[in-house]
Structures are given as C-alpha cells and as structure tokens.
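Please treat every number below as a calculation from the coordinates, not as lab data. Keep in mind that what you see is a predicted model, and the values were worked out from it rather than measured. Ideal geometry is used to build each Cβ from the backbone, glycine not excepted, and the neighbour counts take in all protein chains shown.
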Amino acid sequence: MVFLHPPAVFDFRKRAIFPGPIDNTLPNCTPQFIVPPIGMVSIAEYLMRNGAKVRIFNLGELMMNSPSFELEDFLKGNYARIYAIDLHWCNHSQGAIEVAKLCKRIHSDSFVVLGGLTATCFSTEILQKFPFVDAVVRGEGEIPMLKLLNSLELRKIEQVHNLTFRKDKRIMVNPMSPPVSNLDEYEFAMPELLEPGNLSTRGVSPDGKVVRWWGIPICRGCAYSCHHCGGSSLSYETLLSREKLAFRSPSKLVEDLRKLSEKGFKSVFLFQDPRMGGASYYKSLFKELKEAKLDIDLGMELFIPAGKDYLEELKSIKIPINLSISPESAVEEVRIPHGRNYSNESLLKTIDLCRDLQIKLGIFFMVGLGKDTPESIKQTLLFCEMLYFKDREKRFNKEERLFQGPLWFKPEMALLILLDPGSFGFNFPEQAGYNLIFKSFEDYYKGLSLPSWHQWISYETKYMNKDMLVDWGLYALERLFYLQEKYSLYERGEDRALLNYERFKLRVNRAIIPLIDEIVKIKEEKEREERLFLLKDILDECLKGKVPDRSESFKPTERFYRESIGQIMKQIGGFIS
C-alpha cells in the first residue's frame, strides 16, 4: 500500500495560484498544507506492524523540493495494489481528487481509496461523482485499512467495516466499527515513515529558533463543539461514531517524546487539551514529564482559560512550554454562541498568569464567525491593542528605557476561509449564523480549483457577505501589523523592514482582487490562463525578485498590471526595488 498526502492544489507549480493571507497564517504548512494528518502515520505503522509493505509520500513537499519532480513519472515507478490518499482537511479537496484520478489512469488495476474527515463526510457523493475512486474508509482507519488490505485479494471487501464502495454499479455503505477506547495501541512518533520529511517537520521553538517539529495526539475526540470545527464533539459523534474520548496514557506520551528527542526533534506539539481527561490525568502527565527531564520544547492547547493551580503545575515540569488559546472573538456575544463558552475576565486572568509565570501564550482570533459584524471585529482589534499595551508595560523598563525580556503573549488574527464539512456550522448553518456557498463536496472541489484565496471562502454570515469578509479579513491583518509597530515589537531595522514587507504583501493582495475577478470572466481558457500567469509573474517579481520570460502579446496588459501594483508601492514608500 502506498499512502499519498496530496498538495491542496494538485498542479500548483503549473498554475497561477494566489494564496493571499494564507501565507501569513500557515508558514509551516505552506499554502499547500504539506503537513500530513498524524492519523496517516499511525495507520501506516499499524499496517507495517501487521506485515504489510507500506510507504508514505508527501507529494506537496516532493513538488516543492524539486522543480523537475513529475508526479506522473513518480507514480509509474511506485506501483502499489492500493493507493490510499488522505482527504482529511477540506483544503485538499481539489488535490486529493486529482491525485486519485492520476493514480487510476496510470495503474488502472490498482485500488484507489480516500480517507479522513472530509472524505467521511462526503463518502457517498465522492463515489457517485468520481468513478476513479474505488472506496472511502470512513472514520478511524487503522483497523479498517488492515482489513481492506487483507480482504481485497479475496474479494470480500463487503466485510470491511467503515467502508463505502461500489458493487455491481451500486454504492454500498458498510456499518461502522466501534472506535478504539484508548490510543496506546497505536504509534505516532514515527516521522521517519514520511518521505520526504524536511519542510513538513520544520517548526519554531518557544525561543524563536527553527527546529525539527512533530505532533502527537493526547486523545481522539473532543469535549467541545465549536461551530466551525470538523474535529468537534458533534463531528466525532456523527462521522466517527465516537461518543467518548480515547486518551493516550501519560507514560506512552513521555515515551513518544523521548523517541522524538533521540531522533533529533526539539519541538513537539501535543494536540488536544489534557484537562479533558480530568485532574488525575493531567497531573499524572505533568508528573511523568517532570521526572523524564526531556531536552525538548512542548506546545500545548488551552481549550478554555486555565487557573493558577493548573498553570503552576504545568510550569513545574521544567520544560519550555508554548501554550495556545483560541477565543476567536473578544466579543462575548459572538464568542459564546460560537462554542467558546467563557468570559473575557477569565481569559485576561489566564493571560496575566501566563505572563507572571513566564509561559508563552499564543492568542488566536478569527474574522468571519457566525455572529461577527464589522463592529465586533473592531472590538476584537481593540482587545488585541490592549494586550499589546499590557505586554509592553510589562516588558519596558521605564527608568532605563530598555526592553526587559521577550514577548510573552501575542495575539494573532486570521480570516476563517473554509467551514469544515461535518461541523455544526456546516450541518446547521442558519442556526449558527452562516449561509453556505459550498454545500456539497463538488462545491469544495470546484471552488478550491479557482485561482485566488478570496474565491475559496465557503460561506457568508448573517451580517457579512463575501466581499465584506475579504475586506475585514485583510483589514484585521493590516491593523495587527500596525499594532506590532506601534507597540515596539520590532526594534531592529531588519525586523521593521520585514514588517513593511508583510504589510506590502497584504496591500498587493487587496489590490489584485479586482484584477483577478476580471480575468476569470474571460471565456477563452488559454487567454484567461495567460493573463493569470502574467499577473502572478509581476507579483513574484515585486515580492521575490523573480523576472520570468513573457509573451510579447500582452505588453499593454502587463503595463496596466504593473501600474496597479506600482501605486501600492508608492503608497508604502517604494522600499522594494
């Protein structure tokens, strides 16, 4: 069996793609989302442990690593009985389908199977509309994938639980098997299974150093049901038949961390909030972490604000910690109905505690929640400014006028571009305050085949249409850059230059939206693609210094595009030559 992690856009090197602000929010994943879901690793290891021949190829990273890499030639040289393609996040809707199509075209006798949350949600539709996909494994995949591999030669796939497949031109939906009750029987600390594993395992430690990075799940399932999330309690129950959380024991987590440390990994993110396992669980985990004395940095999640006792116990493990919390909005009337049921007062107490204990805390907000309005976004930005002000007062020595210590908490903000299929907001959009633009899998597939990020937005809200979401999403990012400058986050000249560069990129992304909208109206495909490439070439020249060869036939158009971007450069001071 060959596992394939697809890029978000199958042919991104051969198409004019405009990822926009995604570049700002996903530096590790890249706009092609090259970090695979950790379940792909645990499934592959489980199959190998049971005698299967398995390999995992990260196609997006292979494409990024080598301009000469051709996927068709690569697949011809890597025959497998089964090609297993992850369609976990909806971002991969276009890439997963195109990779599946190519696998079937090259190896017509192979069995092409998709898996993951998005594939599970749309399993029947995928088989109805894409005949080159043979099956979808729904829900958790370790045991069903092994059974599929063992039963395929015997033509007994109708006995494989969790499988949606074709039989005599009919689509069959096998029953779900009970999900596992704990995660100790699977292995996740296996980065060596991923080929290649360079860009996708590059992270940043709490002290800002670039290090090798990996992620380990604390549990499967969730106790919360945030409206945009495909990994919520609602999604786990309806898509994966999981009614109870399954935890990984503290001893196994420490074993995972020790293995990763020995393999040279210096930063590990523990997915899910350990408090969902109760006090006895997280106290046991912290005790074992303290006794292990690991040379590793940890990232951990807070799904709700944390009290002093919890944070003091966390600090006592003597390992560098980088916490993250996602209130999504600073307006309680927006946040609480969305599923983040806590007050600003409790959030601020947690922020102050983290600063006093010198625990780094990332605070993440979103533009585009169901009850968001322009006013609520302004209020969230004012909240962010208050946080920057608080941090500067803590860091600044008023007598010496010098900074004392690092930034301990930093607010971030991003536009919620895609509603996860299977989330509460997707299943009950009107109740959650959404109006769906992408309602089916085909909508995701076609929508994410379009060239620009602003065309990928899958919803509108009760108070904000798509154009407003784009405008306010960009405004929020621009405002955060302004606050970072105002509150002296960037003292060095090179840091200020980087800030200006990021601000310039945002303004260009805003400026080219009407240009892209006009280009996509062109009916003649060749002319449409040539103009998109022309615009992308000029953009790359401005942002990256690349000067490609161009056709002589579009000189007037090139001049117009250059003038449009040139106006932005003048507004920002013309610092890019």
Antiparallel DSSP beta bridges within the stretch 203-488, percent to nearest 5: 25 percent
21 Å Cα-Cα threshold exceeded, pairs from K76/K167; K129/K536; K101/K147; K263/K293: K76/K167; K129/K536; K101/K147
Counted charge near Y46, where neighbours are those whose Cβ lies closer than 13 Å (Asp, Glu -1; Lys, Arg +1): -4
Selection from F383, I519, S68, by position along the positive dipole direction of the chain (Cβ): S68
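Using the Cα atoms of the chain to build a convex hull, what is its mean projected area in square nanometres? Don't jump to the answer; show the numbers that get you there.
On the way: hull surface 108.3 nm².
In nm², the orientation-averaged hull projection of the chain is 27.1.
With +1 on each Lys and Arg Cβ and -1 on each Asp and Glu Cβ, how big is the dipole of the stretch 2-173 about its Cα centre, in debye rounded to the nearest 20?
540 debye
Among the DSSP beta bridges whose two residues both lie in the chain, what percent are antiparallel, rounded to the nearest 5? Provide the component values of the computation, followed by the final result.
Values: 17 of 62 bridges.
Here the antiparallel bridges make up roughly 25 percent for the chain.
Between K308 and I336, what is the FRET efficiency for a Förster distance of 30 Å, r being their Cβ-Cβ separation, to the nearest 0.05?
On the way: r = 23 Å, r/R0 = 0.78.
Calculated transfer efficiency: 0.80.
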Loop-exposed chymotrypsin sites (Phe, Trp or Tyr not before Pro) per DSSP, neighbour cap 12 Cβ within 10 angstrom, longest uninterrupted part of the chain: 80-574
Cα pair count fraction exceeding 25 Å, expressed as % - the stretch 203-488: 53 percent
Amide H contacts of W213 (H built 1.01 Å from N, under 5 Å, at least 5 apart or other chain): R202, G203
Length-normalised contact order of the stretch 227-355 in % [C-alpha pairs under 8 Å, at least 6 apart]: 22 percent
Sequence-distant residues sharing a close amide H with D297 (under 5 Å, placed H): S267, V268
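Can you work out the FRET efficiency for the pair E243 and R15, with r the C-beta to C-beta distance and R0 = 51 Å, to the nearest 0.05?
According to the calculation, E is roughly 0.75.
Over the chain, what relative contact order in percent results from Cα pairs under 8 Å that are six or more residues apart? Before the final figure, lay out the partial values.
Numbers: 996 pairs, mean separation 70.5, N = 577.
Dividing the mean separation by the residue count of the chain yields 12 percent.
Okay, helix-only estimate at 222 nm for the chain: each DSSP H run of n ≥ 4 adds -39500 (n - 2.57), divide by all residues, round to 500 deg cm²/dmol; what do you get?
Value at 222 nm, helices only: -13000 deg cm²/dmol.
Charges only on Cβ, +1 for Lys and Arg, -1 for Asp and Glu: so what's the dipole of the chain about the Cα centre, in debye to the nearest 20?
Numbers: 79 positive and 78 negative charges, 70 e Å.
Roughly 340 debye, rounded to the nearest 20.
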For the stretch 2-173, share of DSSP beta bridges that run antiparallel, in % to the nearest 5: 30 percent
Backbone HN-Hα couplings from phi across the stretch 188-199 [Karplus 6.51/-1.76/1.60, Hz, Gly and Pro as x]: 10, 7, 10, x, 5, 6, 8, 10, x, x, 9, 4
Within the stretch 76-98, backbone nitrogen closer than 19 Å to the virtual label 7 Å beyond the Cα of E70 toward Cβ: 76-79
Contour minus Cα-Cα distance for N435 and I522 (0.36 nm per residue): 28.5 nm
Furthest towards positive pole of dipole, I17, G433, W453, structure part the chain, Cβ charges: I17
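Expressed in nm to one decimal, what extension gain is obtained for the pair E393 and E478 from 0.36 nm per residue of sequence separation less their Cα-Cα distance? Mind showing how you got there, number by number?
On the way: separation 85, 0.36 × 85 = 30.60 nm, distance 2.30 nm.
Between E393 and E478, full extension yields an extra 28.3 nm.
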Phi-based couplings in Hz for the stretch 97-105 (Karplus 6.51, -1.76, 1.60; Gly and Pro marked x): 5, 5, 5, 4, 4, 5, 4, 5, 5
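Find, to one decimal place in angstroms, the Kirkwood hydrodynamic radius of the stretch 1-159, where the mean of 1/r is taken over every pair of different Cα atoms and then inverted. Please list the in-between numbers first.
Working: mean 1/r = 0.0625 Å⁻¹.
Mean inverse Cα-Cα distance, inverted, gives 16.0 Å.
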Interchain or long-range residues, amide H under 5 Å from R166's placed H: M172
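Tell me, in nm to one decimal, what length is gained between S177 and D352 on full extension, where the rule is 0.36 nm per residue of separation less the Cα-Cα distance? Don't jump to the answer; show the numbers that get you there.
On the way: separation 175, 0.36 × 175 = 63.00 nm, distance 4.53 nm.
This chain segment gains 58.5 nm when fully extended.
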